[in-house]
Amino acid sequence: MPNTLPVINLMGPTASGKTALACELYEQGNFELISVDSALVFQDMNIGTAKPSQEEQLQYPHHLIDLITPEQVYSAAEFVEDACRLIDEIHQKGKIPILVGGTMLYFKALLEGLSGHLPSADQSIRDQIMQQAEQQGWEAIHAELVRVDPIAGEKFKVSDKQRIIRALEVFRITGRPITALQAEQPKQLAYRYIFHNYALMPNRLELHQRIEQRLQKMWDIGFLNEVEYLIDKYDLNADLPSMRAVGYRQAYEFLKNGDLNHENKQEMEDKALFATRQLAKRQYTWLRSLRENHQFTTFETIEQAQGYLRNCYR
């Protein structure tokens, strides 16, 4: 039987205002906040992720922030496991969890389940595959995948590095193709929860303006210095999920290239802006897909959402 307490899912593209909305809800009721953001899990990645400050986190505590270093990997399966544990703990306190963020893959995994019980990420195996790729090239790694898992090999391109790594990782751990494991195991659905799904979906032009303003503020307060610090502190490479995050990828490539003149810096900032807009576009696509299978209430403005949600959760 489902728990009678709801789970509030508050989704939206980057810079839509969903975090501010969640914090306002937190103030007015018996809530706890759970972050649904694949970038906020990384320690020391603060400016480029628009992570709530230490002061803000004291005022509005968020679960699932600062879990791992930028050298590590955090999967959707790990998110679902952590989120379900936290939801149960929050419900046991008689409170309502608000899951807020823009990582739609995490929301989809929570709402619809994941295929089977695949093994958790193994960083040592991933490091081995990366080292092998540096020595032999990604074409050789892809050829290995074709040998051990022809279905995955046909599905993934040579450029799909993270997917190739995951498929080979699962094979090396289990001795079986990831596609075979996915096919034979049913999805595990979170039947015991009552989800209340909300989405902030601002006008595209307005959202693009917010994205541009946010990025400019990030550059102004030292985003590039933050990425320099990460490069100095950690053993990073361009294929790590942390350095594939929008903004970080462009800044990392710029700093690693070594030609730090003004023209190249402007080009890097323009690339980051374009990539962030593309991220927002993908998030809209994910949201439309989720709305086809799940009941949603959507809002174009923060004000609309505030008025509606205040009445729902007094």
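The values are calculated or read from the model by the stated rules, or taken from the named source; none is laboratory data. Just so it is clear, the model here is predicted, and its values are computed rather than measured. Using ideal geometry, Cβ is built from the backbone for each residue, glycine included, and neighbour counts are taken over all protein chains shown.
Some notes on this structure:
- Residue 129 vs. criteria crowded, with 16+ Cβ neighbours inside 10 Å and either of a type in the set (Asp, Glu) or within 12 Å of residue 32 (Cβ to Cβ) (or both): no
- Taken together, 113, 29, 101 contain a single residue that is within 28 Å of residue 233 (Cα to Cα) and either touching a residue at least 40 places away in the same chain (Cβ under 8 Å) or among the hydrophobic types (A, V, I, L, M, F, W, C) (or both), which is 101.
- Residue 145 being surrounded by 15 or more Cβ atoms within 10 Å (Cβ to Cβ) and either under 20 Å from residue 177 (Cα atoms) or at pLDDT below 90 (or both): yes
- Residue 134, sole failed condition from (1) closer than 17 Å to residue 39 by Cα; (2) over 14 Å from the mean Cα position of the chain (by Cα); (3) among the charged types (D, E, K, R): (1)
For every residue, the table says whether it meets (1) out of contact with any Leu (no Cβ under 9 Å at 6 or more places or on another chain); (2) under 30 Å from residue 121 (Cα atoms).
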| position | (1), (2) |
| --- | --- |
| 192 | yes, yes |
| 197 | no, yes |
| 204 | yes, no |
| 217 | yes, no |
| 227 | no, yes |
| 231 | no, yes |
| 244 | yes, yes |
| 254 | no, yes |
| 259 | yes, no |
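- Here segment 158-167 is the region considered, the condition is being under 22 Å from the mean Cα position of the chain (by Cα) and of a type outside the set (Asp, Glu), and the residue that is farthest from residue 129 (Cα to Cα) is 159.
- Of all residues making up segment 92-106, the number that are under 15 Å from residue 64 (Cα atoms) and either out of contact with any Lys or Arg (no Cβ under 6 Å at 6 or more places or on another chain) or outside the structural domain of residue 52 (by TED's automatic domain parsing) (or both): 7
- Residue within segment 233-248 that is in a helix (DSSP H, G or I), without any contact (Cβ under 8 Å) to a residue 60 or more places away in the chain and of a type in the set (D, E, K, R) present: no
- Test: residue 252 is surrounded by 20 or more Cβ atoms within 10 Å (Cβ to Cβ), of a type in the set (Phe, Trp, Tyr) and part of a helix (DSSP H, G or I): yes
- Residue list for segment 216-238, restricted to those being surrounded by fewer than 16 Cβ atoms within 10 Å (Cβ to Cβ) and under 20 Å from the mean Cα position of the chain (by Cα): 237, 238
- When residues of segment 294-314 are limited to those that are of a type in the set (D, E, K, R) and modelled with pLDDT of 90 or more, the one surrounded by the most Cβ atoms within 10 Å (Cβ to Cβ): 300
- For segment 1-45, filtered to residues that are in contact with a Leu (Cβ under 7 Å, 6 or more places away or on another chain), β-branched (Val, Ile, Thr) and closer than 27 Å to residue 226 by Cβ, the residue that is surrounded by the fewest Cβ atoms within 10 Å (Cβ to Cβ) is 14.
- Yes/no for residue 148 being over 26 Å from residue 79 (Cα atoms), of a type in the set (Val, Ile, Thr) and touching a Pro at 6+ places or on another chain (Cβ under 8 Å): yes
- Complete set of residues in segment 113-126 that are part of a helix (DSSP H, G or I) and surrounded by fewer than 18 Cβ atoms within 10 Å (Cβ to Cβ): 123, 124, 125
- Some residue of segment 107-129 being farther than 30 Å from residue 97 by Cβ, over 25 Å from the mean Cα position of the chain (by Cα) and not assigned by TED's automatic domain parsing to the domain that holds residue 284: no
- Residue in segment 12-31 that is farthest from residue 214 (Cα to Cα), counting only those that are more than 15 Å from the chain's Cα centre (by Cα) and of a type in the set (S, T, N, Q): 30
- Residue within segment 281-288 that is at pLDDT 95 or above, under 18 Å from the mean Cα position of the chain (by Cα) and closer than 30 Å to residue 128 by Cα present: no
- Residues of segment 58-96 that turn out to be more than 30 Å from residue 163 (Cβ to Cβ) and surrounded by 15 or more Cβ atoms within 10 Å (Cβ to Cβ), as a count: 4
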